[in-house]
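Below you'll find the structure, written out as structure tokens, and then a few comments.
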Amino acid sequence: MRILKNLSKPLVLMPIGGGIYYLIETIWRGHSHWTMLIVGGLCFYLIGLINEVLPWELGFVWQGLIAAGVITLVELTAGYIINIRLGWGIWDYSHLPGNFMGQVCLLYSLLWVLLSGVGICLDDWLRYFLYGEVRPKYKLF
């Protein structure tokens, strides 16, 4: 039963995260793309693993910085595959300062620090209620 519960986590959490990511992008840009459901789901699941890999005592600010790094790396990888290799051109940040290959930029990485806090809390509480994991507790630093 425990194996089944662990296998179900990505199947439950990734669509939730993907849907939220898609919604955020639609509100921000006015549209999104189906691939963002996958990218967002993967980001949400991965940032949820922060407390699985690192101790709960890690401050919330540090978790947000790590999460923003994870999201930026996933977006860079996805952008390289989707936009550069496949040539789909879903996004291009070339016009923004601090961009890398037009796929990620400093501005959005900093915004992910803030937004990832919401994602971290949502994931923690979903894992608590759905899977009986440790009750979330946070400290700032």
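If you take all other residues with their beta carbon under 13 Å from the beta carbon of Gly59, and give Lys and Arg +1 and Asp and Glu -1, the sum is +1. The angle between the Cα long axis of helix 35-48 and the main principal axis of the chain comes to about 40°, on a 0 to 90 degree scale. The alpha carbon convex hull volume per residue for the stretch 39-118 rounds to 84 Å³. For the chain, the relative contact order works out to 25 percent when only alpha carbon pairs closer than 8 Å and six or more residues apart are counted.
Diffusion of the stretch 81-122 by Stokes-Einstein, at 20 °C in a medium of 1.002 mPa s and with Rh set to the Kirkwood radius over alpha-carbon pairs, works out to 187 µm²/s. Computed extension length for His31-Leu107: 25.4 nm, one decimal, from 0.36 nm per residue of separation with the Cα-Cα distance subtracted. For the listed peptides 106-115, 27-36, a ranking on the average number of other beta carbons within 10 Å per residue, highest first, reads 106-115, 27-36. Shape analysis of the chain yields a ratio of the Cα radius of gyration to the Kirkwood radius, Rg/Rh, of 0.99.
The modelled label-to-label distance between Leu130 and Leu11, using points 7 Å beyond Cα along the C-beta direction, is 1.2 nm.
No lab work stands behind these numbers, since they all come straight from the coordinates. Only a predicted model underlies this, so the values are computations on that prediction, with no experimental measurement involved. For neighbour counting, all protein chains shown are included, and Cβ atoms are generated from backbone atoms with ideal geometry for every residue, glycine included.
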